[in-house]
């Protein structure tokens with residue numbers, strides 16, 4: 001994987017999140033992928049289980065913005081960094097999550113292992129964000 005390959009995957013991830021299209025979500029992950037929302041939680045295992053999990057409690061359209069970029073790429077492994085901003089109904093900022101993702105890809109460029117580390121911006125700092 002190259003930096004560009006990983007950026008394309010991250011952009012497709014955001015597009016799949018925005019659309020909640022079953023096929024777009026599934027195209028991101030290998031058949032036996034492992035997806036951890038936090039490193040200490042049990043993973044969601046398998047493409048179909050990951051798709052079902054995403055579709056179980058979708059974010060409302062227009063309620064968030066996100067951007068991610070590769071921080072480091074080494075062969076089939078990558079570290080991505082970015083942020084997810086969740087918005088109030090009036091479009092004002094509700095909260096920001098800073099994210100670090102550990103990714104491992106298969107030979108077809110699908111994610112085989114996904115581990116998310118995140119930190120919410122403390123409330124007292126949100127007014128300047």
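Among 55-62, 16-23, how do they line up from the highest to the lowest mean number of other beta-carbon atoms within 10 Å?
Going from most to least packed, we get 16-23, 55-62.
Quick one: check the C-alpha center-to-center distance for segment 78-118 versus segment 1-73, whole angstrom.
Each part reduced to its Cα centre gives a spacing of 8 Å.
How far is helix 3-19 tilted off the main Cα axis of the chain, in degrees rounded to 10, range 0 to 90?
Once rounded, one gets 60 degrees.
Ranked highest first by the average count of other Cβ atoms within 10 Å around their residues, in what order do 94-105, 25-36 fall?
The packing order, highest mean first, is 25-36, 94-105.
Restricted to Cα positions, what overall size does the chain have along the principal axes? Three whole-Å values, descending.
So the extents along the principal axes, rounded to whole Å, are 43, 30, 28.
Any idea what the relative contact order of segment 3-128 is, in percent, if you count C-alpha pairs under 8 Å spaced at least 6 apart?
Reported relative contact order: 24 percent.
Measure nothing but the geometry: give the 0 to 90° angle between the long axis through the Cα atoms of 47-56 and the longest principal axis through the Cα atoms of the chain, rounded to 10°.
20
Could you check what % of the DSSP bridge pairs in the chain are antiparallel, to the nearest 5?
90
We did not get these values from a lab; they are worked out from the coordinates using the rules stated. Note that the coordinates shown come from a computational prediction; the quantities given were computed from them, not determined experimentally. Using ideal geometry, Cβ is built from the backbone for each residue, glycine included, and neighbour counts are taken over all protein chains shown.
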